[in-house]
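The block underneath contains the structure these notes are about, expressed in structure tokens.
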Amino acid sequence: MKKIGITTTVPVEVLIAAGYEVVDLNNIFITSEDYGKYIETAENDGFPKSCCSWKKGIYGVCMKHGIGEVVGVTEGDCSNTKALEEVLKLRGVKVYPFAYPQSRDIDDIKSSIDRFMTIFGVGLSKVERIRERLKQVRHLVKTIDELTYVNGKASGFENHLYQVSTSDFNSSYECFEKDAASKIIEIEKRAPCNKKIRLGFIGVPPMFCDIYEYVEKFDAHFVYNEVQREFSFPRCDTAQSIYEQYLDYTYPYDLNFRLKEIRNQLELRKIDGVIHYTQAFCYRQIEDIVIKKELNLPVLTIEGDKLNILDSRTKLRIEAFLDMLSDIKEMGT
Amino acid sequence: MKKLGIDLGSREVKVVLMEDEVITKKIKLSTMSFYRDCCSYEGKITVDMNKLGLNSVDAAVSTGYGRNNTDLKQFKPINEIKAHVYGALYQTGLKDFILLDIGGQDVKTVKVEKGIITDLDLNEKCAASCGRYLENMASILEIPLENLFEYYQNPIELNSTCAVFSESELIGKIAEGIELGRLCAGVNYSLYKRLLPILGRFKGRKLVLSGGVARNKALVKYLGDNYDEVIELEDPQYNGAIGCCYYAEKIIFRNKKLEESDNEF
């Protein structure tokens, strides 16, 4: 099966319909024990120190694993991604464009997905068949999400992991489906473990996953992973077509649209406080100004760069934040 | 309902009594005399309320420099950063600010957003940016500390990073016959310069100053260049103890009331 790399969530249904094995390059990068070597490869080839580690990691993965084809998101992602795609082309990687139109207009997204289907030579009916099939898998992930915020049985990390994996379904939706189904059975058998503080994680997926376990030391747990949840298309049932599905997706569009869904979820999930993860050198760090202002809950903004574990300073900040959040909860204000 | 807050500082112990959210008593005594004259040791440090001139209280909370000696019998110990934040919340009514607390031996910088800590930093290896440095310099200049705090114009340059080297540097300047006002301003300015790297990471519009060094008018003047507003607390030295009372009011009493209402059913 032909392999194709993706740098963020794109209409995976089209790629699967075209017979590709889809690989989210971010996942290969971050799950590697020696993830630093990918960053090093990029820096050796000229990527600046002051550049997002995710981009460098993706580049390193392409080089080290000989990824020959990649989908490049030309609209709805950052300018660093665009520059990355230019360098990948220079290195002989074939880059297929895909755009999330910033107008967030159904006609525009239709044109964009139609173009994407034409590039890969697949028709709408086949793509819709795949979409229907993937919806079954997405439902399982939605169940894991509910087992987190409704039942208190799935951990914040499991919630993160299964949702974030839906960008490529770990390159095989059938294997992923089996894995998720057995995971659900395992989780359902557990006793609920509800912590005092309910946290929301917003922002891009983190470089360090130990944050999920770390907060549990302070009687807190994450019951909402914003962007990871968006990757899983939790509202796919209300979409009548692939076009509507990718229109009702907050991550690549404007901040207000994203905030609206965040507010809904914070209320639904009875969140006490928010941790906003930002990546060093990312434009989304500037959006933090708006996010803090627009959300009525306490927000702790943390930053990750290259390290894949929490640094001691961030740990201290999280501890102080959770300590006061716990007081606020007791005060009942 | 009476709440007692004790802040065990490195140089002084501050005691505040609060009744119905109003401060009714403030006591300050040296750390040495507090432990020597007002405490006894019965496995744990026990505070003699009578010696502090206090009768019984309904809740008592302690905080202070280092965790070990703040664990007093019948007191609930709380983290000193949190105590200072609660003190500043009570004293200013603000929810968003940078808190700079400069005590005898330590500097705490805390970012508070929506009434909650979102960032913090502490000096660890060196106390050259603290109150003790100013005390030493005032003693070399043979003037009271409060007088030293008045001077800010035309400061002389004191470049040493080390507080001990600064003393000899200051003596050199005295020997050059430089007038007292410039010497004092130089001391204050050197403290300000040591604080700048710490404050560099704490951007914001409002700075709240607490701890004994908040009384330093020259420092307030200098910091005015870095923030839109520099707020000096009315009781900067009692801020930690006030924070303890605030915590007692908001948490301990509330929990007690909840327990009582649970018992009624």
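The values are calculated or read from the model by the stated rules, or taken from the named source; none is laboratory data. The model shown is predicted, which means the values in this text are computed figures rather than measured ones. Here the Cβ is made from the backbone with ideal geometry for all residues, glycine too, and neighbour counts use every protein chain on show.
In table form, for the structure just shown:
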item: Flag for B:L195 being buried (at least 16 other Cβ atoms within 10 Å of the Cβ) and of a type outside the set (S, T, Y); result: yes
item: Residue check for A:I197: under 19 Å from the mean Cα position of the chain (by Cα) and touching a residue at least 12 places away in the same chain (Cβ under 8 Å); result: no
item: Search result, residues across region B:221-265 that are more than 12 Å from chain A (Cβ to nearest Cβ), under 22 Å from A:L325 (Cβ atoms) and either outside any helix (DSSP H, G or I) or aliphatic (A, V, I, L, M) (or both); result: B:I242
item: Every residue from region A:286-333 that is polar (S, T, N, Q), farther than 23 Å from A:Q265 by Cβ and in a helix (DSSP H, G or I); result: A:S312, A:T314
item: Lone unmet requirement of (1) of a type outside the set (D, E, K, R); (2) surrounded by 19 or more Cβ atoms within 10 Å (Cβ to Cβ); (3) within 14 Å of another protein chain (Cβ to nearest Cβ); (4) under 28 Å from A:C51 (Cα atoms) for A:I289; result: (2)
item: One residue from A:K270, A:K306 being away from chain B (no Cβ under 13 Å) and modelled with pLDDT of 95 or more; result: A:K270
item: Total residues in region B:102-141, condition more than 14 Å from every other protein chain (Cβ to nearest Cβ) and assigned to a strand (DSSP E or B); result: 2
item: Qualifying residue in region A:227-250 (condition: more than 30 Å from A:M117 (Cα to Cα), touching a strand residue (DSSP E or B) at 6+ places or on another chain (Cβ under 9 Å) and of a type outside the set (K, R)); result: no
item: First in region A:210-221 and surrounded by 18 or more Cβ atoms within 10 Å (Cβ to Cβ), second anywhere and among the β-branched types (V, I, T), Cβ under 6 Å, 6 or more apart; result: A:A220/A:I197
item: Odd one out for B:I178 among (1) part of a loop (DSSP other than H, G, I, E, B); (2) within 14 Å of chain A (Cβ to nearest Cβ); result: (2)
item: Selected residue [within 27 Å of A:D254 (Cα to Cα), facing chain B (nearest Cβ under 10 Å) and either of a type in the set (A, V, I, L, M) or in contact with a helix residue (DSSP H, G or I) (Cβ under 6 Å, 6 or more places away or on another chain) (or both)] from A:L297, A:L325, A:L316; result: A:L297
item: Residues located in region A:99-129, provided they are crowded, with 21+ Cβ neighbours inside 10 Å and closer than 26 Å to A:S172 by Cβ; result: A:Y100, A:I113, A:F116, A:V127
item: Of all residues in region A:256-286 being surrounded by 15 or more Cβ atoms within 10 Å (Cβ to Cβ) and without any contact (Cβ under 8 Å) to a residue 40 or more places away in the chain, the one that is farthest from B:G204 (Cα to Cα); result: A:E261
